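Visitor: I have a structure I would like to understand better, so I am pasting it below and will then ask my questions one at a time.
The values are calculated or read from the model by the stated rules, or taken from the named source; none is laboratory data. The model shown is predicted, which means the values in this text are computed figures rather than measured ones. No Cβ is skipped: glycine too gets one built from the backbone with ideal geometry, and neighbour counts run over all protein chains shown. Remember, those area values only see protein heavy atoms, side chains included, never the ligands or the DNA or RNA. Shrake-Rupley method; radii C 1.70, N 1.55, O 1.52, S 1.80 Å.
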Amino acid sequence: MRWLVVGAGFVGVELASSLVGLGLGVRVTLLEPFGRPLRALGGTVPDVVAAAARRAGVELRMGIGVRGFRAEGARVAGVESADGSVLPAEVAVVAIGMVPATGWLVGSGLALPGGRVHCDERLFARTAEAPGAAGALGEVGVTGAAGGIDPRIVVAGDVARCDAVRSADGPVALEHWSNAAAQGESAARNLLAGPAAAGSYAHVPSFWTSAFGLRIKSVGLPGTGDRVVVEEGEPGSEKLVEAHYRAGRLIGAVSVNLGKRLAGYARRLQEERGAAEAAGVSGGAPGRGSDEVPAWGGAAG
């Protein structure tokens, strides 16, 4: 049977890996419009994943978009790529991300950048600058600039765009279950405490995934910096640790088959956050006091 998976993010890569690992003779094609599998990780790790996928028998079609689908009767027969070629498939899976189900909040007065709910560092929902400024979902860059907060509403999980989790471009939405769990705990605590006594959300973003025999883990916000350094192993090898920096500050780290090494990077991220807060600088990867890397979140969320 021929399967075609559109999208080589975490879900697409995990699905392709599981399919070829079943030993049932399934032929898998993985198509990624933006060039590399797991490209969000940056550095050389996406290339390591691509090489492992090919060795496992997956056909990679990188840098090619999708124009449409071909059908025979009620069943899919292939995928038409943007270059005009048709890739045969008996099963096609589209794994290109999700759209937050926040349409019911349009007109509520909350700030909804990109369809997510903007919240402050304590996870209280931010209000739009003017009633109804949230705009219509589905438009690029929609939402009204954020104004104050609504102390009755806290936000957690995939839907949250939190001021405490920031890259150089602003707040970042995370779709890992460890983040959702940690935000849920913090949101509930802060809602009960009220804004005056609430504390900032303090959790080191983290995830793990297994694919094609590789165990990949990360902490912080890799892929959002300006410099990547291989600090253990060799570039492109299946045992390595890459650290990601922005303006000289550590902002994240990724490991392949060396996950235990990341505990030290998690501590460094905590220290970086503390130093930034002491200097009055906002942004960077948030951390929480702990001697251990936070509980790993599944890559698919």
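Visitor: So which residues in the range 3-16 are within 12 Å of PRO37 (Cα to Cα) and part of a helix (DSSP H, G or I), if there are any at all?
Guide: Hits for the range 3-16 are PHE10, VAL11, GLY12, VAL13, GLU14, ALA16.
Visitor: If you don't mind, another one. Which of (1) in a loop (DSSP other than H, G, I, E, B); (2) in contact with a Pro (Cβ under 7 Å, 6 or more places away or on another chain) does LEU24 not meet, given it meets every other one?
Guide: Only one criterion in (1) in a loop (DSSP other than H, G, I, E, B); (2) in contact with a Pro (Cβ under 7 Å, 6 or more places away or on another chain) is unmet by LEU24, namely (2).
Visitor: Can you pull out every residue in the range 156-175 that is open to solvent by less than 10 Å² (accessible area, probe 1.4 Å) and among the β-branched types (Val, Ile, Thr)?
Guide: VAL165
Visitor: Give the residue, chosen from ARG2, ARG27, ARG54, that is surrounded by fewer than 15 Cβ atoms within 10 Å (Cβ to Cβ) and not acidic (Asp, Glu).
Guide: One residue alone meets the criteria, ARG54.
Visitor: Now a separate question. Please tell me if ALA188 is modelled with pLDDT of 95 or more and either more than 18 Å from the chain's Cα centre (by Cα) or not β-branched (Val, Ile, Thr) (or both).
Guide: yes
Visitor: Checking SER178 against (1) assigned to a helix (DSSP H, G or I); (2) open to solvent by 20 Å² or more (accessible area, probe 1.4 Å), which single condition isn't satisfied?
Guide: Exception for SER178: condition (2).
Visitor: Please find, within the range 181-202, the residue that is most open to solvent (accessible area, probe 1.4 Å) out of those that are touching a residue at least 40 places away in the same chain (Cβ under 8 Å) and in a loop (DSSP other than H, G, I, E, B).
Guide: SER200
Visitor: Here is a follow-up. Please go through the range 143-166 and give me each residue that is assigned to a strand (DSSP E or B), free of Cβ contacts under 8 Å to residues at least 60 places away in the same chain and of a type outside the set (Val, Ile, Thr), ordered by number.
Guide: Of everything in the range 143-166, those that are assigned to a strand (DSSP E or B), free of Cβ contacts under 8 Å to residues at least 60 places away in the same chain and of a type outside the set (Val, Ile, Thr) turn out to be ALA146, GLY147, GLY148, ASP150, PRO151, ARG152, ALA160, ARG161, CYS162.
Visitor: Can you give me the ranges of the strands (runs of 3 or more DSSP E) entirely in the range 203-298 with at least 2 residues that are modelled with pLDDT of 95 or more and open to solvent by 10 Å² or more (accessible area, probe 1.4 Å)?
Guide: 214-220, 227-233
Residue-wise test of (1) in contact with a Pro (Cβ under 8 Å, 6 or more places away or on another chain); (2) part of a loop (DSSP other than H, G, I, E, B); (3) closer than 18 Å to VAL155 by Cα; (4) open to solvent by 30 Å² or more (accessible area, probe 1.4 Å).
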| site | (1), (2), (3), (4) |
| --- | --- |
| LEU87 | no, no, no, no |
| ALA92 | no, no, no, yes |
| GLY97 | no, yes, no, yes |
| ALA101 | no, yes, yes, yes |
| TRP104 | no, no, yes, yes |
| SER108 | no, yes, yes, yes |
| GLU121 | no, yes, yes, yes |
| ARG126 | no, no, yes, yes |
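Visitor: Which one of GLU32, GLU72, GLU59, GLU14 is touching a strand residue (DSSP E or B) at 6+ places or on another chain (Cβ under 7 Å) and open to solvent by 70 Å² or more (accessible area, probe 1.4 Å)? Even if it seems obvious, please write down each step before you answer.
Guide: On the way: GLU32 fails: open to solvent by 70 Å² or more (accessible area, probe 1.4 Å); GLU72 fails: touching a strand residue (DSSP E or B) at 6+ places or on another chain (Cβ under 7 Å); GLU14 fails: open to solvent by 70 Å² or more (accessible area, probe 1.4 Å).
From the options GLU32, GLU72, GLU59, GLU14, the qualifying one is GLU59.
Visitor: Out of ASP83, ASP47, which single residue is assigned to a helix (DSSP H, G or I) and either open to solvent by 60 Å² or more (accessible area, probe 1.4 Å) or in contact with a Ser or Thr (Cβ under 6 Å, 6 or more places away or on another chain) (or both)?
Guide: ASP47
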